[in-house]
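Input: a single structure, listed below in structure tokens.
The values are calculated or read from the model by the stated rules, or taken from the named source; none is laboratory data. Fair warning: this is a prediction, and the values are worked out from it, not measured in the lab. Here the Cβ positions follow ideal geometry from the backbone for every residue, glycine too, while neighbour counts run over all protein chains shown.
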Amino acid sequence: MPTDSWINETLYEAWGQRFRVKRELARVQSDFQDIAIFESETHGRVMVLDGVIQITEGDEFVYQEMLTHVPLLAHGAAENVLIIGAGDGGVLRRVLQHPNVKRAVMVEIDGEVIRLSKEFLPGIAGDAWTDQRAQVIVGDGIDYVKKAPDAAFDAIIVDSTDPIGVGEVLFTDDFYQNSARILTSRGLVVNQCGVPFMQADELRDTSVRRRKFFPHVTAYVAAVPTYVGGFMTLGWAAKDASLSKLPVETIRQRAQQAGIEDRTQYWTPEIHVGAFNLPPYIARHLPRA
């Protein structure tokens with residue numbers, strides 16, 4: 001029987017979405033944020049941080065596949081990958097699907113997100129938590145990046161909240177400067193930059209910051225139903241400009257060699273390449289080359 005209990009998202013003052021709740025599974029006030037997990041009628045289980053929908057079992061594959069497979073297949077030979085945030089384990093799981101990855105370091109500031117994800121959203125990470133290549137650290141990603149040695153990673157994947165609250169420091173000059181330092185000569189960093197129809201400032205401001213430290217800055221898009229407002233942008237900052245311009249057949253060959261192409265529900269080589277072709281309303285918020 002449907003209930004009369006609803007969760008209303010609080011991301012925007014004047015517009016949003018709501019979910020009818022079948023059952024609340026957990027509600028915890030951690031040292032950093034309010035965490036809620038509930039069973040929805042339409043999207044499976046849902047995690048909410050400080051009133052903002054973070055992930056649903058129903059469509060998490062879109063975001064996780066695009067955030068992970070696009071940079072790793074574009075690089076083509078990433079062995080050491082740093083993940084900032086992503087406490088649900090979905091990015092870690094996709095990173096570890098790439099056989100060339102020898103080490104995946106995940107740094108999540110809120111241990112409660114990891115604990116609750118393991119308990120209530122186990123299918124998102126699968127067996128990633130126990131993979132011998134994974135190193136999961138409960139700690140400050142900013143501090144980790146600041147202290148990491150030069151050229152320690154081939155790729156950095158940032159899966160954070162928007163630049164408010166606990167996620168704000170992941171959008172600063174210091175973070176991108178240190179990211180560039182700890183990346184190898186063909187290294188790149190990707191991060192979510194919000195839904196530009198509603199959050200254009202987020203894409204524009206972070207792109208300007210990244211441009212100070214990376215020669216090539218752009219973005220690509222993914223259509224995630226839960227992140228309402230049209231395309232979500234994923235920010236891209238790379239030392240090698242060619243990585244976002246590879247032909248479909250190169251991406252397909254790499255995906256086939258890695259065994260990725262048969263494991264995705266959203267990502268394809270064609271979507272990978274096409275995602276960098278931005279509508280003008282999004283492209284105008286990027287710095288000119």
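One table, with the values for the structure above:
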| read-out | value |
| --- | --- |
| Considering residues of the range 16-63 that are surrounded by fewer than 19 Cβ atoms within 10 Å (Cβ to Cβ) and among the aromatic types (F, W, Y) only, the residue farthest from Y220 (Cα to Cα) | F32 |
| For E13: the one exception among (1) in contact (Cβ under 8 Å) with a residue 12 or more places away in the chain; (2) within 29 Å of T218 (Cα to Cα); (3) surrounded by fewer than 21 Cβ atoms within 10 Å (Cβ to Cβ); (4) over 14 Å from the mean Cα position of the chain (by Cα) | (1) |
| Hits in the range 244-281 (condition: touching a strand residue (DSSP E or B) at 6+ places or on another chain (Cβ under 6 Å) and not small (G, A, S)) | F276 |
| Meets criteria (touching a residue at least 12 places away in the same chain (Cβ under 8 Å), more than 11 Å from the chain's Cα centre (by Cα), farther than 29 Å from E24 by Cα and part of a helix (DSSP H, G or I)) for L73 | yes |
| Tally, over the range 188-212, of residues that are closer than 18 Å to P71 by Cα and in a loop (DSSP other than H, G, I, E, B) | 2 |
| Subset of the range 1-51 that is of a type in the set (V, I, T) and assigned to a loop (DSSP other than H, G, I, E, B) - its residue that is farthest from G230 (Cα to Cα) | T3 |
| Test: residue in the range 245-257 that is under 30 Å from G51 (Cβ atoms), surrounded by fewer than 21 Cβ atoms within 10 Å (Cβ to Cβ) and not assigned by TED's automatic domain parsing to the domain that holds L11 | no |
| Test for D143: is it without any contact (Cβ under 8 Å) to a residue 12 or more places away in the chain, closer than 24 Å to S179 by Cβ, surrounded by fewer than 22 Cβ atoms within 10 Å (Cβ to Cβ) and not assigned by TED's automatic domain parsing to the domain that holds D50 | yes |
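To keep it simple, each residue is scored yes or no on (1) under 24 Å from D143 (Cα atoms); (2) surrounded by fewer than 24 Cβ atoms within 10 Å (Cβ to Cβ); (3) in contact with a Phe, Trp or Tyr (Cβ under 9 Å, 6 or more places away or on another chain).
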site	(1), (2), (3)
M66	no, no, yes
H75	no, yes, no
N80	yes, yes, yes
I83	yes, no, no
G90	yes, no, yes
E112	yes, yes, yes
